[in-house]
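The values are calculated or read from the model by the stated rules, or taken from the named source; none is laboratory data. Note that the coordinates shown come from a computational prediction; the quantities given were computed from them, not determined experimentally. Every residue, glycine as well, gets a Cβ built from its backbone with ideal geometry; the counts of neighbours run over all protein chains shown.
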Amino acid sequence: MPTIKIPHDAIVFVGDGRKALFLRNDGDAKFPNLKTEQVFIHDTPATHELGADKPGRGFSGIDQRRSAMEQTDWHDLEEQHFTRDVAAALEKLVRERNVKALVIAAPPRTLAELRQAFHDDVKKRIIAEIGKDFTHEPVYEIERHLTAA
C-alpha cells in the first residue's frame with residue numbers, strides 16, 4: 001500500500017457494514033494524529049427477527065415445474081442500509097465543516113456501496129481509497145497502516 005499524505009483536518013472514514021469511524025487528522029501531512037470524531041455501530045438483529053418467511057416458489061407456465069426463489073440475505077440488506085446511512089452522515093459532516101480532503105478505508109464491497117451513495121461534490125474531495133477493513137484496529141494502528149512507507 002502506498003504512503004498517503006493526510007492533510008491537516010482531513011477526515012478519514014474507516015468502516016464496514018457494521019461499524020464506521022470518522023477520524024480527523026489533528027496533525028499535519030508529515031506527522032498525522034488521527035482523532036475520533038464519531039463512531040457508528042450497527043447491532044444487527046438475529047435472522048429470525050429480520051425475516052421469518054420462507055423463500056417463495058415460482059411456477060413455469062410451460063411445463064408446470066416449480067422452482068424455489070433465492071433466500072433473502074437479511075444481514076446483507078441491513079449492512080447495505082447501514083452503509084447508506086453512514087454515507088449520508090459523512091456527507092453532512094463534509095458539507096457542514098467544508099472538509100477539503102477525505103480518505104476512505106473500507107472492504108471492497110463496502111467501498112463500492114459508498115461510491116454509489118456519495119454525491120459528486122463529496123467524491124471530488126476523496127484523496128485516497130483503501131480497500132481494506134481496519135474497523136477492528138485501534139486508531140494508532142489505523143494511522144500506522146495509512147502512513148506506513
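Can you tell me how many residues within segment 109-137 are touching a residue at least 40 places away in the same chain (Cβ under 8 Å), β-branched (Val, Ile, Thr) and outside any strand (DSSP E or B)?
So the count comes out to 2.
Please pick out the residue among Asp76, Asp43, Asp28 that is modelled with pLDDT of 65 or more, among the charged types (D, E, K, R), in a loop (DSSP other than H, G, I, E, B) and within 16 Å of the chain's Cα centre (by Cα).
Working: Asp76 fails: in a loop (DSSP other than H, G, I, E, B); Asp28 fails: within 16 Å of the chain's Cα centre (by Cα).
Answer to the selection: Asp43.
Every residue, every condition in (1) in contact with a strand residue (DSSP E or B) (Cβ under 9 Å, 6 or more places away or on another chain); (2) within 19 Å of Leu90 (Cβ to Cβ); (3) small (Gly, Ala, Ser); (4) surrounded by fewer than 16 Cβ atoms within 10 Å (Cβ to Cβ), yes or no:
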position	(1), (2), (3), (4)
Thr110	yes, yes, no, no
Glu113	no, yes, no, no
Asp120	no, yes, no, yes
Ile130	yes, yes, no, no
Val139	yes, yes, no, no
Ile142	yes, yes, no, no
Ala148	no, no, yes, yes
